[in-house]
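Notes follow once the structure below has been shown.
The values are calculated or read from the model by the stated rules, or taken from the named source; none is laboratory data. Predicted, not measured: the structure shown is a model, and the values here were computed from it. All Cβ positions, even for glycine, are placed from backbone atoms using ideal geometry, and neighbour counts span all protein chains on display. Just so you know, the surface numbers come from the protein's heavy atoms only, side chains and all, with ligands and any DNA or RNA stripped out. Shrake-Rupley method; radii C 1.70, N 1.55, O 1.52, S 1.80 Å.
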Amino acid sequence: MLVTGQPARLRDVAELFEDTTPDREVTAMAQRIARRLALRRRARERRAERGAGRPVSVPYRYRSDDIDLDRTIEVLTERPVPEDTDIVVREPMRTRRDVVLVVDVSGSMKGEKVRIAAATVAALSEEATARGDRLALVAFWSDAALLKPLDAHVPAGRLLDQLLRIPARGLTNVGFALAVANAELARSPARHRAAVLLSDAVHNAGPDPRPLARRFPRLHVLLETDGEHDAPLAADLARLGRGGLAAVATHRDVAPALNRLLA
């Protein structure tokens with residue numbers, strides 16, 4: 001790992017897109033991948049009726065038989081002729097989660113790297129929509145840009161378009177990207193907060209990123225292995241961030257890897 005004293009800055013999104021137009025063929029390919037993945041995930045989520053979180057007391061909706069007797073008795077004392085929905089049951093409900101996706105755009109965004117980025121953005125965007133979670137997106141090279149804050153609503157297709165419009169950059173400052181992501185995650189009031197780093201982890205600009213990993217409540221690493229990559233650094237970041245590590249060589253590896261990491 002090359003550690004340098006090169007400074008980094010948070011770039012404004014508008015200035016990055018000046019006089020840049022993504023390759024139309026590359027964009028179309030990425031959008032096709034995103035749409036296919038989004039449709040598969042939506043179909044699966046529609047079949048899921050309840051969450052897997054902490055049980056809470058809710059009116060009976062013909063799904064649970066775990067009756068909350070104390071709450072039900074309170075309701076029935078006020079309603080001598082109760083309806084079915086006056087019964088109170090306990091159901092496991094999902095807890096909202098805030099996720100910051102940190103995408104490495106250093107080098108050339110072509111070939112499998114574009115496919116992997118498209119699959120990751122699509123999968124996390126649709127997961128967030130289905131669960132009621134929030135997603136932020138940070139793109140980075142030697143600098144970084146916050147393409148989507150947690151409290152903004154941006155469709156997955158537009159996010160992907162913005163990602164592809166960032167001109168190719170050479171150096172990779174993982175530490176600064178993690179600092180930007182951690183600052184965004186620190187604004188979140190959600191009980192469950194996590195960051196997902198998508199990178200080959202070939203860090204060659206800025207200070208050692210390992211100390212930044214310790215600051216996260218949870219940091220998962222998707223390690224791109226379709227080219228040069230630094231597996232030891234990726235493993236260190238995941239371990240120090242109390243998260244998981246998954247290798248992705250093609251875009252088909254993305255959804256299974258995210259399911260394991262964010263389960």
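Using packing as a proxy for protection, rank 73-81, 206-214, 122-130 so that the peptide with the highest average count of other Cβ atoms within 10 Å comes first.
Taking the mean over residues of other Cβ atoms within 10 Å, the ranking is 122-130, 206-214, 73-81.
Taking the simple approach of a point 7 Å from Cα along Cα-to-Cβ for both Ala168 and Arg79, what is their distance in nm?
Going by the 7 Å Cα→Cβ label model, 6.5 nm.
Given R₀ = 25 Å, what would the calculated FRET efficiency be for Thr4 paired with Arg239, taking r from the Cβ atoms and rounding to 0.05?
0.60
Magnitude of the Cβ-charge dipole of segment 93-184, K/R +1 and D/E -1, about the Cα centre, nearest 20 debye?
160 debye
Between Arg187 and Arg90, 0.36 nm times their residue separation minus their Cα-Cα distance comes to what?
Result for the pair: 31.8 nm of gain on full extension.
Carbon and sulfur: what percent of segment 73-197's accessible surface (1.4 Å probe)?
51 percent
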